[in-house]
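Read through the structure below, which is laid out as structure tokens, and then see the notes.
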Amino acid sequence: MEIYRYRFFFFSGKGGAGKTTFSTLLALKLSEKFKTLVVSLDPAHSLSYILGKKIGEKPTKVTENLYALEVDIEGEMKNYLRKVKEEAKKVVSPLLLSEIEEQIELAYYSPGAFELAMIDVLFKVKESLSKEFKKVVFDTAPSGYTLRLVALPELLINWLDRLLSMRREALRYQRLSQLKEKKSLEEILSEDPVYRALTRRKKQYSSLRELLTGKDTLFGVVFNPQVLPIEVGKKTVEELESLGIPVKLLIANRFSDPSPLNSLFPDKAVIQVPPQEEEPVGIEKLKCLLHVIP
């Protein structure tokens, strides 16, 4: 398959399957021709280990054309909730604000907080860092996290559509109840901080949906030759595609023979990374494997 025609790359699979190793390997290959960024979205953060270099929260130069970034998951969750608080201050009565802030603090521990923070990270990378880099490779969290992450934009867009519709109706009735000279509904909507905030969020999530499903994005799943990683990988492929995200590449990591994957998915491209005597840690060892990527 023609790897170079894609701009964004996502790799998922069971924990320990080799997502970080292959993501880094591909980023190194792409950096031979393009300025490339590899981003770790995995809380385990193995990128620094694989590269043999401390990777920070801002793009860290690894080679002439390769940069790496490890996302501070806890920091991003706190940053996301801080932004929610700021938006609440614009639209909530001061009498209610302290109670709402307390609920927002509790949201840090709630299900979905991790995925919402990652959504913000993806948007930030797409809108700012992708202007600097020609290719961006995402090393995602293990399969379960990834599936929830990619399903979220569509769910949030549907939810926001309902909220926008309800807010529009509320403002329409409010306008009709006014006896003095009225502004048009569109003028009222454009000035309403709640409606503006919801609209801004919907644009962000729509942009992310386009990133995940667009023609410039390649989704891959990494497999190991053991029974459980193959089953987890198979389920990941099926669930991603049920969400409307085509999986275009399978990675047969540590496979002596990739035929089991060819049999399972005869219509998909497979890259075989044969077993190594030593773990490929560091740029020089990774360079020895670049030939596996066509």
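Read-outs throughout are calculated quantities, based only on the coordinates presented, and are distinct from any laboratory measurement. Worth saying up front: this structure is predicted, and the values here are computed from it rather than measured. We place every Cβ from the backbone using ideal geometry, glycine too, and count neighbours over all the protein chains shown.
Computed over the chain, the per-residue total of -39500 (n - 2.57) for DSSP H runs of n ≥ 4 gives a 222 nm mean residue ellipticity of -16500 deg cm²/dmol, rounded to 500.
In the chain, the longest principal axis of the Cα atoms and the axis of helix 73-91 are about 20 degrees apart. Model label sites at residue 283 and residue 72, defined 7 Å from Cα along the beta-carbon direction, differ in position by 2.6 nm.
Kirkwood radius and radius of gyration were both taken over the C-alpha atoms of the chain, and their ratio Rg/Rh is 1.06. Cross-link partners of residue 235 among lysines, defined as those whose alpha carbon lies under 19 angstrom from its own and excluding same-chain residues fewer than eight positions apart: 14, 19, 248, 268. Note on residue 291 and residue 177: the model spin-label points, each 7 Å out from Cα along the C-beta direction, lie 7.6 nm apart.
Here's how it looks for residue 253: its modeled amide H is under 5 Å from those of 223, 273, which are all 5 or more places away or on a different chain.
Below 20 Å, Cα to Cα, which aspartates and glutamates can residue 54 reach? Residues fewer than 8 away in the same chain don't count. Candidates past the 8-residue exclusion: 42, 64, 70, 72, 74, 76, 139, 279, 284.
Counting 0.36 nm for each residue step from residue 259 to residue 127 and taking away their Cα separation leaves a gain of 43.6 nm. Structural descriptor for the chain: relative contact order 27 percent, calculated from alpha carbon pairs under 8 angstrom and at least 6 residues apart. In a reduced charge model with +1 at each Lys and Arg Cβ and -1 at each Asp and Glu Cβ, the chain shows a dipole moment near 960 debye about its Cα centre. Computed from label points 7 Å out along Cα-Cβ, the spacing between residue 83 and residue 148 is 1.9 nm.
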